[in-house]
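Computed from the coordinates by the stated procedures, all read-outs in this text should not be read as laboratory data. Computed from a prediction, not measured in an experiment: that's the story for all the values here. Note: ideal-geometry Cβ built from the backbone for every residue, glycine included; neighbour counts use all protein chains shown.
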Amino acid sequence: MEWVVEVEGLVKEFNGRRVLHDVTFHVGRSEVFGLLGPNGAGKTTTIRILLGLLEPTLGKALVLGERLSESRELRGRVGVVLESDGLFSQLTAYENLEFYARVYGLKSAVERDKRIREVLELVGLYEARSVRVGYFSRGMRRRLALARALLHSPDVLFLDEPTLGLDVEGQALVRDLVTRLSREEGVTVLYTSHNLNEVEKVCSRIALLVGGRIVASGTVESLVSEFSKPLVEVYFTSTGEALKVAKYIRRLNYVVECWCDGKSVTILVESNSDIPKLIDVLARSGFKVVEARRVERRLEEVYLELVRKN
Ligand SMILES: Nc1ncnc2c1ncn2[C@@H]1O[C@H](COP(=O)(O)OP(=O)(O)OP(=O)(O)O)[C@@H](O)[C@H]1O
Ligand SMILES: [Mg+2]
């Protein structure tokens, strides 16, 4: 497979302080790859190195097989949303896009106008096109930054917290847009966000960065099943029965934790194969199980578990 984004053995030091330690990950064409991690983990630094805005101390950071800082042609195939949006407050939304459309080399005035209208529609800002950006809300600025990133129909998008400050509708708009671009136009996206529900919906694969090190990577499903122990919820006929069960099964060696909530007992076990064992033990001990179901684990729980551990 030919990688669109290749990061290998990446090390970055600021004044001798190491903030990226041997970071490696690869992103394939039309993937939406999520880079996750707590504040200061090194996500933005990794993106800035990929964009050629920072020099790596060691290692490789390539886009479409090249260093972005060394290829003008390549820069024209990349769109970015960074923390600082680079928009001019004294210009209107339209004028900002007009400026960037020229920077990106969209030569014909007719073409520029057509594309500017298109991207304004895409981010829901067409009505606000003649408003000065200085009067925009934070969310509107974010939308305009995304519109600017899309102007020249890039093949690769680097979106560093694109939904920061967006309302619920704006977040859904970005999610749908990113999903559509990757599925329908084959655009490759490197995405960061602190909203894990959003990441679960948008990203095909993720890497978790903690303290400048990748501590886990893979699809959301693979991470959730690899790193979270199974959780089972079992309902009984009465609260008294549930309490008795909890006391009884706490002694089993494969039960990591269990707690009561009314008529139900929630049980964390070591592995999947412990679930039938558990049900069997309950039945043989004469407890009357009304209902038993596996609780679906979410990325957020796995994330918190991994961040705490590292
Ligand atoms: N130009 C710089 N000079 C010195 N230190 C820096 C510089 N840029 C980033 N750092 C340090 O590098 C580390 C990683 O920062 P980075 O901005 O990449 O984190 P992040 O994962 O993007 O965090 P956040 O979620 O808050 O955006 C931090 O400790 C930060 O202080
Ligand atoms: Mg950042």
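The table that follows gives values for the structure above.
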item	result
The chain - charge dipole about Cα centre, Lys and Arg +1 at Cβ, Asp and Glu -1, debye rounded to 20	480 debye
The chain: calculated mean residue ellipticity at 222 nm from DSSP helix runs of at least 4, using -39500 (n - 2.57)	-11000 deg cm²/dmol
Region 226-309: proportion of alpha-carbon pairs further apart than 16 angstrom, %	50 percent
Residue (of Val80, Val103, Asn197) at the positive-pole extreme of region 3-219, dipole from beta-carbon charges	Val103
DSSP beta bridge pairing in the chain, given as percent antiparallel to the nearest 5	70 percent
C-alpha center-to-center spacing [region 53-91, region 254-310] in angstrom	46 Å
Spatially near lysine pairs across the chain, Cα under 13 Å, sequence gap of 8 or more or different chains	5
For region 129-144 versus region 169-230, the gap between their alpha-carbon centres in whole angstrom	27 Å
Share of Cα-Cα pairs in the chain lying beyond 32 Å, as whole percent	41 percent
Within-11-Å neighbourhood charge of Ser30 [Cβ basis; K, R +1; D, E -1]	-2
More than 14 Å apart - percent of Cα-Cα pairs taken over region 181-246	72 percent
Farthest positive-ward along region 226-309 dipole, Cα basis, beta-carbon charges - from Val302, Ser285, Val232	Ser285
